[in-house]
1. Residue by residue through the stretch 169-197, note down the ones that are surrounded by fewer than 16 Cβ atoms within 10 Å (Cβ to Cβ) and either part of a loop (DSSP other than H, G, I, E, B) or out of contact with any helix residue (DSSP H, G or I) (no Cβ under 8 Å at 6 or more places or on another chain) (or both).
2. When you go through Leu281, Leu286, Leu320, Leu316 one by one, which is the residue that is within 18 Å of Gly134 (Cβ to Cβ), touching a helix residue (DSSP H, G or I) at 6+ places or on another chain (Cβ under 9 Å), in contact (Cβ under 8 Å) with a residue 40 or more places away in the chain and not acidic (Asp, Glu)?
3. Restricting to the stretch 37-46, name every residue that is outside any loop (DSSP other than H, G, I, E, B) and surrounded by fewer than 22 Cβ atoms within 10 Å (Cβ to Cβ).
4. Are there any pairs, at least 6 apart or on different chains, whose C-beta atoms fall under 6 Å, with the first in the stretch 14-37 and under 18 Å from Thr98 (Cα atoms) and the second part of a strand (DSSP E or B) and not aromatic (Phe, Trp, Tyr), and if so, which?
5. Looking at Tyr20 and the list (1) farther than 27 Å from Ser199 by Cα; (2) at pLDDT 95 or above; (3) buried (at least 19 other Cβ atoms within 10 Å of the Cβ), which single condition is not satisfied?
6. Among the residues in the stretch 9-29, are any within 30 Å of Ala141 (Cβ to Cβ), touching a strand residue (DSSP E or B) at 6+ places or on another chain (Cβ under 8 Å) and not assigned by TED's automatic domain parsing to the domain that holds Asp213?
7. Considering only the stretch 257-272, state which residues are in contact with a Pro (Cβ under 8 Å, 6 or more places away or on another chain) and farther than 23 Å from Leu193 by Cβ.
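The values are calculated or read from the model by the stated rules, or taken from the named source; none is laboratory data. Quantities reported herein were computed from a predicted structural model and do not represent experimental measurements. Neighbour counts run over all protein chains shown; Cβ positions are idealised from the backbone, glycine included.
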Amino acid sequence: MNDANESSAEFAAALLNEHYALSGRLDALPGYRDRNFLLTTGSGDRFVVKFTQGGESRRDLALQNRAMSHAAAAGLPVPVAVANAAGEDVTHVALDDTACLFRVLTFLPGAFYADAPAESHTPALWSDLGALLGKLDATLADFPPPASGASSQWDLAHGYVVCRNALHVLDDAPRRLVGGLLEHYRGHVMPHLGELPRSVIHNDANDHNLLVDDAGAPSRIAGLIDFGDLMFTHTVNEIAIASAYALMGQPDPVATLTQLVAAYHGERSLVAAEVSAIDALVRLRLCTSVCNAAIASAQHPGNAYLQVSAEPALELLARLRGESPYAVECELRRACAMPTDPGRCRRAAPRAQGHAAGPVSGSVQGDG
């Protein structure tokens, strides 16, 4: 544990004792925006301790806490915030002379989806993931949207603009790939965005925010964490975002997508316009990851992690380039028991793993 974390841990221990009557061992956890710790009490109970500095207001965190409680009340495996001695689920404190917000969340056991090898993923796991997200979105359908209408670079409703504005920072091959997908999205999906239902969604069910029961042989989703990207947007973005990650490394990504969508539809019925948009939204999410990473890499040129971490997104985009959007839509419509146009339903045989669409030349920029 470095000096900053040691200082934070000591401060956290004092806050836990004063505001929550909790004590025990604190171990540093990774965090994108927050300083996080795992608290293990003397009795073996575990909690996640979070310091949030800047970027999110108390109102933002309170909204996340309410959404988690709302989902947990419906029996979904999500963390919930622990109330402090004053009965509040967010504690306002000062850390390193900076105002910050302190929270204690319940701990969910499990392994990260990202730590389970791609070859260990099964149709049963994808079905469980799709069903979980369908249940979550059905549960959040009546959840009140935030008062603020602030936009985000990770809101797929704005993904086209984000990517168009970032094309100039991409290398030639990725620029052509992303540009072509954006043109398809502009012509075939954007005119129908008004037909897509909107609601509050988790918005980031990626492989590091999902827990599985067993990293070696995962059979079910054990939990969904990190509600930090919660937002009011097109509801179908939920399954599209999760699918963008779940398809990575799979020999037949369309079959994986079909399994996810069918299970989601079984819990929250998709309308026809949503089914028609899913494939393009998955590709747009991948484009958004590549473009946001390119922007971050341009701002921090010495960060090698940013260049490496976007490779899976770019590779999957290249693989999906060989899939007819109309054929994919037919597969999804069949999975949702919707009528199809037989003339558009022909798919090429899935390519073998690692030989999807050939290498994409040029440097690959990292994920945001």
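1. Residues satisfying the conditions are Asp171, Asp172, Arg176, Gly180, Glu183, Gly187, Pro191, Gly194, Pro197.
2. Every option except Leu281 fails the conditions.
3. Result: Leu38, Thr40, Thr41, Arg46.
4. Filtered contacts from the stretch 14-37: Asp34/Lys50; Asp34/Thr52; Asn36/Leu29; Asn36/Lys50.
5. Condition not satisfied by Tyr20: (3).
6. no
7. Passing the criteria: only Gln259.
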